[in-house]
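Data first, discussion second: the structure below is written as structure tokens.
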Amino acid sequence: MPNTQAVILLCLLAVMIAGWGYLFYQHWQMTSLPMLAMWMLPTDIASWQLIDFGLVYLMWAVMMAAMMLPSAIPMFLVFSKICKQRNPSLPHLNALFILAYLVVWLVFSIGLTWLQWQLHGLHFLSPMMENQNERLAAAIFIGAGIYQFTPWKHGFLQACRSPLGFLLTEWREGMRGAFYMGLKHGSICVGCCWAQMLIMFAVGVMNLLGMVLITLLVALEKIVPGPSRMIGSAGGVLLIGWGIWLI
């Protein structure tokens, strides 16, 4: 393995371990500490403080990075290989590409934070961030499953599953080009996986098993060989079936 790719993998592994470690720590706090010792969100959304928004955003930002980076590794490695061939003296372009990819998910996390705030206001989520409405949970699962069958999902998934094809089509030279390509790929990934991320509201925002299963589903969709439409449809059947079971 080229040295640059080894460094990229080690850095990504460190980030993923740190991210999952933070999520495990948050889950431990919420399940092990006494009620008076743990941080909980106010039941009245008008009482939310800036620190509440900040902590919720941090949780989502870390969660998105931890869940999405594993499935993006093939794209990062292919970018590194092409970048080394075209710009051997500019290895920092890899960092720009990955940073731009993460920026998209960090922006998406703002939307998730706002949505969680609204769901608390509607009392769909408890102060412990658990779902309190089975019909809402079922609707999220069924909605995410239906999205799997749409042409938008198929197009985004196909782009995610073809790193070389994406880079050959979207390649731009230089630092701006690397950042642009990272933003473009991150946007495609959001388009592919946004509905699956909403499932966390259905299973409980800090549900570790839910995080792991969604991460595996996203990774399987993007990495397992086979027609992208068939793989996406299989995930759709699974999600719709889960939603129907909850009704």
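The values are calculated or read from the model by the stated rules, or taken from the named source; none is laboratory data. Predicted model, so just to flag it, every value in this text is computed and none were measured. Glycine gets a Cβ as well: all are built from the backbone with ideal geometry, and neighbour counts include every protein chain shown. The area values use the complete protein model at the heavy-atom level, side chains included, leaving out ligands, DNA and RNA. Shrake-Rupley method; radii C 1.70, N 1.55, O 1.52, S 1.80 Å.
Note on Lys84: lysines with a C-alpha under 21 Å away, same-chain residues under 8 apart excluded, are Lys184. Here the 3J(HN,Hα) profile of segment 13-19, calculated from phi with Karplus coefficients 6.51, -1.76 and 1.60 at θ = phi - 60°, is 4, 5, 5, 5, 5, 5, x Hz, Gly and Pro shown as x. Please check which bits of segment 131-164 a label hung off Leu122 would reach, taking the label as a point 7 Å along Cα-to-C-beta and the cut-off as backbone N under 15 Å. 131-144, by backbone N distance to the label point.
Note on Arg229: accessible area approximately 130 square angstrom, rounded to 10, probe 1.4 Å, nucleic acids and ligands left out. The simple spin-label model puts a point 7 Å past each Cα toward its Cβ; for Trp28 and Leu58 those points are separated by 1.6 nm. Considering only Gly174, Gly145, Gly186, the Gaussian network model of the chain with Cα springs below 10 Å gives its largest mean-square fluctuation to Gly174.
Placing +1 on each Lys and Arg Cβ and -1 on each Asp and Glu Cβ, with no other charges, gives the chain a dipole about its Cα centre of roughly 880 debye. Looking at segment 100-176, the GluC sites (Glu not before Pro) that sit in a DSSP loop and have at most 16 other Cβ atoms within 10 Å of their own Cβ are Glu130, Glu173.
At an R0 of 25 angstrom, the distance between the Cβ atoms of Trp245 and Glu130 translates into a FRET efficiency of 0.85. In µm²/s, what is D for segment 143-247 at 4 °C and 1.567 mPa s, where D = kT/(6 pi eta Rh) by Stokes-Einstein and Rh is the Kirkwood radius from Cα pairs? Answer from the Stokes-Einstein relation: 88 µm²/s. When the Cα centres of segment 27-86 and segment 174-228 are compared, how far apart do they sit, in Å? Value for the Cα centre distance between the two parts: 13 Å. Take the chain with all the other protein chains still there, run a 1.4 Å probe, and you get 49 Å² of accessible area per residue. The amide H of Leu125, built 1.01 Å from its N in the peptide plane, has His120, Gln132 as neighbours under 5 Å, considering only residues 5 or more places off or on other chains. Over segment 1-155, the fraction of Cα-Cα pairs per 10 Å bin, rounded to whole percents and listed from the shortest bin up, is 9, 28, 31, 20, 10, 2.
Rg over Rh for segment 95-175 works out to 1.11, using Cα positions for both radii and the Kirkwood form for Rh. Which one of Gly236, Val56, Thr4 is farthest out on the positive end of the charge dipole of the chain, using unit charges on Cβ (Lys, Arg +1; Asp, Glu -1) and the Cα centre as origin? Positive-most Cα among the choices belongs to Thr4.
For segment 80-221, the alpha carbon convex hull comes to 114 Å³ per residue, rounded to a whole number.
With the simple spin-label model, which puts each label point 7 Å out from Cα in the Cβ direction, the Val103 to Arg172 separation comes to 1.0 nm.
Computed with a 1.4 Å probe over protein heavy atoms only, the accessible area of Trp28 comes to about 120 Å². Think of each Lys and Arg Cβ as +1 and each Asp and Glu Cβ as -1; about the Cα centre, that makes the dipole of segment 90-195 roughly 220 debye. Report the accessible area of Cys193, computed with a 1.4 Å probe over the heavy atoms of all protein chains in place, in Å² rounded to the nearest 10. Around 0 Å² of this residue is reachable by solvent.
Straight-line cross-link partners of Lys81 among the aspartates and glutamates, defined as a Cα under 17 Å from its Cα and at least 8 positions apart when in the same chain: Glu170, Glu173.
Applying the Karplus relation 6.51 cos²θ - 1.76 cosθ + 1.60 with θ = phi - 60° to segment 149-156 yields 3J(HN,Hα) values of 9, 7, x, 5, 4, 4, x, 5 Hz, where x marks Gly and Pro. Taking Leu13, Leu55, Leu33 in turn, the Gaussian network model of the chain (Cα-Cα springs below 10 Å) assigns the largest fluctuation to Leu33.
Values of log10 I(q)/I(0) for segment 125-169 across q = 0.13, 0.21, 0.32 Å⁻¹ run -0.51, -0.73, -1.02, by the Debye formula with one identical scatterer at each alpha carbon and no solvent.
In this simple spin-label approximation, Trp48 and Ile146 carry label points 7 Å from Cα along the Cα→Cβ vector, and these lie 2.6 nm apart. Residue by residue, segment 182-195 carries 3J(HN,Hα) couplings of x, 5, 5, 5, x, 5, 5, 5, 4, x, 6, 10, 4, 5 Hz when phi is fed to the Karplus relation 6.51 cos²θ - 1.76 cosθ + 1.60 (θ = phi - 60°); x denotes Gly or Pro. Only aspartates and glutamates eight or more places from Lys153 in sequence, or on another chain, were considered; those with a Cα closer than 15 Å are Glu221. Shown for the chain: the carbon plus sulfur share of the solvent-accessible area, taken with all protein chains present and a 1.4 angstrom probe, equals 73%.
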